[in-house]
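Q: Handing you a structure now.
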Amino acid sequence: MPTFIINKGQSNDICPTLVEKTTLSPVFYLLEVTSETTGNSVYCIPTETSTELQRYNEFIITETANPVPLNGEVSLNEGRYMYKFYEQSSSTNLNPSGLTEVENGIIICVDNTNHLNTEYTSITTNTEYQP
């Protein structure tokens, strides 16, 4: 099952392989991200950036406090999520009802701003005494 890391407060590149199950042309993708903890879902239409569509898709997903879903933005808490990509002909629809799922997997949202590294600069000298 594909797994992607989303960093809080950043634009993130993810590379799913949606092409083999996609039947629409032109196509827009709806991304549904569901918290494994709460069961709540958020939706967005991510920006396609791939230049090798026959091999893989590449999207930019931006994690932000005030998301604009039509710009590929979501607001996530740190944790584990299930995702689903749906194909559609609309660039504005955020409702997956009646859409065809083309991939699912796991997203892990990481907040690197909460992790502090401690650097120690003092040197401790141990003295060994011999009888």
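Q: Enumerate the amide H contacts of Ile107 below 5 Å, restricted to partners 5 or more residues apart or on another chain; note that Pro and chain-start residues carry no placed amide H.
A: Phe4, Tyr81, Met82, Tyr83
Q: Something else about it: Whole-Hz ³J(HN,Hα) for each residue in the range 60-72, computed from phi via Karplus 6.51 cos²θ - 1.76 cosθ + 1.60 with θ = phi - 60°, x for glycine and proline: what do you get?
A: 9, 10, 9, 8, 8, 5, 10, x, 10, x, 6, 9, x
Q: Let me ask another. Please check which bits of the range 7-28 a label hung off Leu53 would reach, taking the label as a point 7 Å along Cα-to-C-beta and the cut-off as backbone N under 18 Å.
A: 14-28, by backbone N distance to the label point.
Q: Can you give me the Kirkwood hydrodynamic radius for the chain, using every pair of distinct Cα atoms, in Å to one decimal? Write out the running numbers ahead of the final one.
A: On the way: mean 1/r = 0.0606 Å⁻¹.
Kirkwood hydrodynamic radius for the chain: 16.5 Å.
Q: With θ set to phi - 60°, apply the Karplus curve 6.51 cos²θ - 1.76 cosθ + 1.60 along the range 91-97 and write out the HN-Hα couplings as whole Hz, x wherever there is a Gly or Pro.
A: 8, 10, 6, 10, 10, x, 4
Q: Sticking with this one: Collect residues whose amide H, placed 1.01 Å from N in the peptide plane, falls under 5 Å from the amide H of Ser75; neighbours closer than 5 in sequence don't count.
A: Thr64
Q: Also, quick follow-up: Can you list residues from other chains, or at least 5 along the same chain, whose modelled amide H is less than 5 Å from the amide H of Asn7?
A: Result for Asn7 returns Val110.
Just so you know, all these numbers are worked out from the coordinates, no wet-lab data involved. Source: prediction; values computed, not measured. Neighbour counts run over all protein chains shown; Cβ positions are idealised from the backbone, glycine included.
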